[in-house]
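Participant: My questions will all concern the structure given below.
Coordinate-derived values only; no laboratory data. Just so we're clear, the structure is a prediction, and the values are computed from it rather than from any experiment. When we count neighbours, we look across all protein chains shown, and the Cβ atoms used for this are built from the backbone with ideal geometry, even at glycine.
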Amino acid sequence: MRWILILLFTFSIQSAFANDLLFHIQHASFHDEVDKAYVEFFFLIPAEQLLFKESAKDQFAASVMISYKIISNNNEILSESYILKSEDFSGDADAGFSLIDLKRHELKPGNYTIVGTIEDVNNPSLNANWSQDFKVQWNTSQFGLSDLILIDQYKETAVANTYSKWGYDIIPYAANFFPPDRDKLIFYTEVYSKPIEDAFLISYSIEDHEGETLLHSYKKMMGGKTNLLLASFDISDLSGGSYSLVIEGRSKENTVLGSSKKKFEILPDPQQILADVIADWSREELLDNVNALTPFANGDETVIISTLNKEDGSLDKLKEFYNKFWKSHFGVKMVEAWKIYQTELNIVEDNYSTIIDRGFETDRGYIYLKYGKPNDVISNSEAGGIDYEVWHYYSMDDGQSNVRFVFYNPSRVPDDYELLHSTAIGEVQDDQWKFKIYEGFGGMNGQTDIDATEFRDYHDSRLEKAFNGY
């Protein structure tokens, strides 16, 4: 059986056209009480990709240069260039936050293009370019709605700032997709109803990709002024997929006054994705995949794997453990990690399996899966000795360096190599490993001495050269 590698889902994240640096930008147009139009641009740059440099003693900060210009009819209307800096953090602080900023520009009705770049100040090679078209339009003699804005969070304004509006500090949500653990969708729009004399109704709803209304609510508003709609939906029961947020205004005669729509995605639950993949696996397939987790399972997980092999565990128990294993080790990135590991399993199956054992069950397969591909591999077959391989790792993720593994084939069955000796911490170490490879040198210089670790090399063996790298 080949290890199953399936392209699960590919998500098109609606960020800017990022080259190396990942960022998100959203724009929305509004107009104020005196009917001046303005456009807001909201930037979000995940900080974990940026280079932090010392800004003060034991304090570090990241910075990006944001530059853009707005063009209409091939004419540059305005331009901006400035540095956005993070707060100062201690060296051990978590960089799991984002740099955010909002810019607001007054513009006349028309068609525009914004063109810009974002660059890591401390690492200029990390940068991105983007270009977006947008339109500014309004008609003061008609009912209208501003652009819909998804909201990350809001609170009552204590001190006026860039994000203050209508008595609230409103932080936009920069993306058009939500992770599966996000349980609330918050949104904001302005309702321009000066031409309407009577009260009217604003309805807001969430539709699926087929246009079926799944969630719905409404609010009564008074005409003759600009109204604010700041509302939310509980989306915890919505499964992964494409949706639309729909806003509609209706008169007391039930005539549609105007409407707007914004599409968004809810990303599928990664545990559900993996559950769907393994749903049709047989018990044998599932048990093989569970056993293949051993190279990076912790102590408790190894015990559980052993128990599942000894008992006639149900399919449900195997599936539950397998899914929880990936979730506990990799969280929201579990699907990506699973796909990579499936590829690695295929590699060890192709290169290290025997007529009896699967690739992951062999010693070479186990070490490959645990530590990755070695930097150097030397395979030798010499007169008077057992076939052997020496694997050399320049460095390992746990900080070890210049690590070697010695495998040999005492059974002489094709590809049936066993791990004999290693310099890695926690792996097999055998001071007499050279004697075991050169078993044909019986009685030579201490081989019969159980404490001996060296012997005189009469045959100019290549073993020492292979092991010591010369």
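Participant: In nm, to one decimal, how far is the modelled label at Leu78 from the one at Asn402, with both set 7 Å along Cα→Cβ?
Facilitator: Going by the 7 Å Cα→Cβ label model, 6.1 nm.
Participant: While we're on this one: Taking the alpha carbon gyration tensor of the chain, what are the square roots of 5 times its eigenvalues, largest first, to the nearest whole Å? The partial results should precede the final answer.
Facilitator: Working: eigenvalues 794, 157, 59 Å².
Largest first, the chain gives 63, 28, 17 Å.
Participant: Ok, one more. Using the Karplus equation 6.51 cos²θ - 1.76 cosθ + 1.60 (θ = phi - 60°), what ³J(HN,Hα) coupling, rounded to whole Hz, does each residue of segment 223-228 give in order, writing x for Gly and Pro?
Facilitator: Result, rounded to whole Hz: x, x, 7, 8, 10, 9.
Participant: Residues with amide H under 5 Å of Leu257's amide H, sequence separation 5 or more or different chain, H placed in the peptide plane at 1.01 Å from N; which?
Facilitator: Gly249, Arg250, Ser251
Participant: Go ahead and estimate [θ] at 222 nm for the chain from helices alone: -39,500 (n - 2.57) per DSSP H run with n ≥ 4, summed, over the residue count, rounded to 500.
Facilitator: Working: 8 runs with 85 residues, N = 470.
The helix-only estimate for the chain comes to -5500 deg cm²/dmol at 222 nm.
Participant: Can you list which of the DSSP-assigned H helices in the chain have a Cα extent of 18 Å or more along the long axis and an average Kyte-Doolittle score of at least 0.5? Mind showing how you got there, number by number?
Facilitator: Numbers: long enough: 315-330 (23 Å, -1.02); 334-352 (26 Å, -0.41).
For the chain, where a helix must reach 18 Å along its axis and average at least 0.5, there are no hits.
Participant: Still on this structure: If you add up the charges near Asn402, with Lys and Arg at +1 and Asp and Glu at -1, over every other residue whose beta carbon is less than 15 angstrom from its beta carbon, what do you get?
Facilitator: On the way: positive: Arg404; negative: Asp376, Asp397, Asp398, Glu427.
Here the charged neighbours net out to -3.
Participant: What length, rounded to one decimal in nm, is gained on full extension from Ala279 through to Asp101, with 0.36 nm per residue of separation minus their alpha-carbon distance? Before the final figure, lay out the partial values.
Facilitator: Working: separation 178, 0.36 × 178 = 64.08 nm, distance 4.45 nm.
This chain segment gains 59.6 nm when fully extended.
Participant: Name the longest site-free stretch of the chain, where the excluded sites are GluC sites (Glu not before Pro) in a DSSP loop with no more than 16 other beta-carbon atoms within 10 Å. Don't skip to the answer; put the middle values down first.
Facilitator: Numbers: sites that count: Glu33, Glu87, Glu197, Glu210, Glu212, Glu253, Glu311, Glu382, Glu427, Glu439, Glu454.
Here the longest segment lacking exposed loop sites spans 88-196.
Participant: Continuing with this model, one more query. For Lys327, what charge total do you get from the other residues with a beta carbon under 11 Å from its beta carbon, if Lys and Arg give +1 and Asp and Glu give -1? Working shown, then result.
Facilitator: Working: positive: Lys324, Lys333; negative: Asp269, Glu320.
It works out to a net charge of 0.
Participant: Something else now. Would you mind computing Rg(Cα) / (2.2 N^0.38 Å) for segment 15-90, counting N as its residues? Numbers along the way, then the final one.
Facilitator: Numbers: Rg = 16.5 Å, N = 76, 2.2 N^0.38 = 11.4 Å.
In units of the globular-protein estimate, segment 15-90 measures up at 1.44.
Participant: Taking segment 109-196, which chymotrypsin sites (Phe, Trp or Tyr not before Pro) meet the DSSP loop condition and have no more than 11 other C-beta atoms within 10 Å? Could the numbers behind the result be given before it?
Facilitator: Values: sites: Tyr112, Trp130, Phe134, Trp138, Phe143, Tyr154, Tyr163, Trp166, Tyr168, Tyr173, Phe177, Phe187, Tyr188, Tyr192; in loops: Trp138, Phe143, Tyr163, Trp166, Tyr173.
Passing sites in segment 109-196 do not exist.
Participant: Express in nm, to one decimal, how much length is gained between Ser164 and Phe330 on full extension, taking 0.36 nm for each residue of separation and deducting their alpha carbon distance. Write down the numbers at each step before the final one.
Facilitator: On the way: separation 166, 0.36 × 166 = 59.76 nm, distance 3.79 nm.
My answer for the length gained is 56.0 nm.
Participant: Let me ask another. Once you list every other residue whose beta carbon is under 11 Å from the beta carbon of Ser242, what net charge do they have if Lys and Arg are +1 and Asp and Glu are -1?
Facilitator: Counting the neighbours of Ser242, the net charge comes to -3.
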